[in-house]
Each structure stands twice: as structure tokens, then as C-alpha cells.
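Reviewing the structure listed below.
The values are calculated or read from the model by the stated rules, or taken from the named source; none is laboratory data. From a predicted model like this one, the values you see are computed outputs, not experimental measurements. Here Cβ is always computed from backbone atoms with ideal geometry, including for glycine, and neighbour counts include all displayed protein chains. Accessible surface areas use protein heavy atoms only, side chains included; no ligands, DNA or RNA. Shrake-Rupley method; radii C 1.70, N 1.55, O 1.52, S 1.80 Å.
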Amino acid sequence: MAEPRFRRPAMLDMEMADQLEGDIDPADRGLIAHETAAAIVAQARESGDPELVARLVRLVDEEGIDTVAMMWAKAGEHTLPGALWRIYMIREWVKHDAAAVARSYHHGVNAAHVRHAIAGVEDPPGPSEVQALADAVLSGVFSGDLAVALERAGAFCRVVATGAAFEAQSDEGHADRRAHATTLRAAQLLRTGEDLERCAAMWREGRLD
């Protein structure tokens, strides 16, 4: 039976990321993931074409999440395609749930002030500001210092994770189901942040491929 194709949902939560699969033969998926990621990043960075960068930032908007999933969803977390997949997912999540993301980010700022500075979200961090950060990070992957872009994305995830943990704690005892879901989201975001920061270090060492 063929694997299902996924269309861009009206609202995408981070927990859905690991469930998205493409319809490429598993035997070829790894090679294709690495080759496409390397080719796209290299072409964009070598061309210096702002329109190409803008088109890559809008890739999911124009082609659907299944296009990115088909290329990179199964890539390892500490690889270039895995990093690209996570950054596109962050942007998609922020786009469709900007108010909730901004609220969690706001709650996490004071406890993760250094990470807030690295992420570079403008104050006060509202929906427009977190959306701008998501676009800026993705643009930075294709036109700026890729390691810095990965670090910003990782720091952003850590701040949101901190805020989500506070929200879960506030819900305990009267909204336990929501508290549990929020705790899981915080843990996943923290893990994603750590993965992206490790990818940044690997890129600087010439080991991210």
C-alpha cells in the first residue's frame, strides 16, 4: 500500500511533524534528502538572489507541506535536511498558531533571557514578531550565516518551551489534560532546540551534511 500524502492543514501543531511522511521509496529517501538539501542551500547561497531566497522561504506556502515532507521528513535530526525540515516546520507552526506561540514565547522570556537575545525576536514579542522571526531565520539559512540561523531557531524553540512549561504548571490541578499536552509540547520544543543548536555547531565544524 502506498504511503499517504499530506496536505497543508489549516492549523499545524508541532506534534504532527513526526507523523508526516513522503511517498518516496525508503531505500532512496536518505540519499535524495541529503542531495536536495545540499543542492538547494548551495544554489541559494551562491546565487545571492533575493527573489530565489524569498521563493524558498515561501516553499511550503506555494507547494504544500507534503513537498518538504517528501524530501526531508525522515532525515536524521543532526543532518542538513533534518535541520531544514525542522525550520520549515517551525515556520509553518508559527504561521498557523502565531498568537499561542507568541504567548508562550512571552511567558518564557524572563526565564530564558539569554536565549531570547540569541533568537532576536523584537519586543514586545507578539504574533507579528514571532512570524517575522520565523521568516528571518529561514532567509538566513539561504542567504546569511547558516550557523547563526540555526542557533536563532534553536534559541527560539527553547524560549517557547520554557514558556510552555510555565503554562503547563499553571494548568495543573484544574486543566490537567491541557497541562499534559502542553508539557509534551514543551519537551518536544526543547529537544528540537537542542537538535538545531547541535546542527549549528556541526555546520561550523564542516560536519553537517
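How much accessible area does Val148 have with a 1.4 Å probe, in Å² rounded to the nearest 10?
For Val148, solvent-accessible area is about 60 Å².
With the other protein chains left in place, how much accessible area per residue, in square angstrom, belongs to the chain at a 1.4 angstrom probe?
On the way: 10160 Å² over 209 residues.
Here the per-residue accessible area is 49 Å².
For the chain, build the charge dipole from Cβ charges (+1 Lys, Arg; -1 Asp, Glu) around the Cα centre, then report which of His78, Ala175, Ala33 sits farthest towards its positive end.
Farthest towards the positive pole: Ala175.
Could you give me the radius of gyration and the Dmax of segment 94-209, taking only the C-alpha atoms into account and expressing both in angstrom?
Here Rg and the maximum Cα pair distance are 14.4, 49 Å.
Of the options Val148, Ala117, Gln131, report the single residue whose Cα projects farthest towards the positive end of the charge dipole of segment 113-172 (beta-carbon charges: Lys, Arg +1; Asp, Glu -1).
Positive-end residue among those listed: Val148.
If you place +1 on the Cβ of every Lys and Arg and -1 on the Cβ of every Asp and Glu, how big does the dipole about the Cα centre of segment 21-165 come out, in debye to the nearest 20?
It comes to approximately 560 debye.
Decide, for segment 139-180, between rounded, prolate and oblate: order the square roots of the alpha carbon gyration tensor eigenvalues as a ≥ b ≥ c, take rounded if a/c falls under 1.5, and otherwise choose prolate if a/b is larger than b/c, else oblate.
Working: a/c = 6.82, a/b = 4.40, b/c = 1.55.
Prolate.
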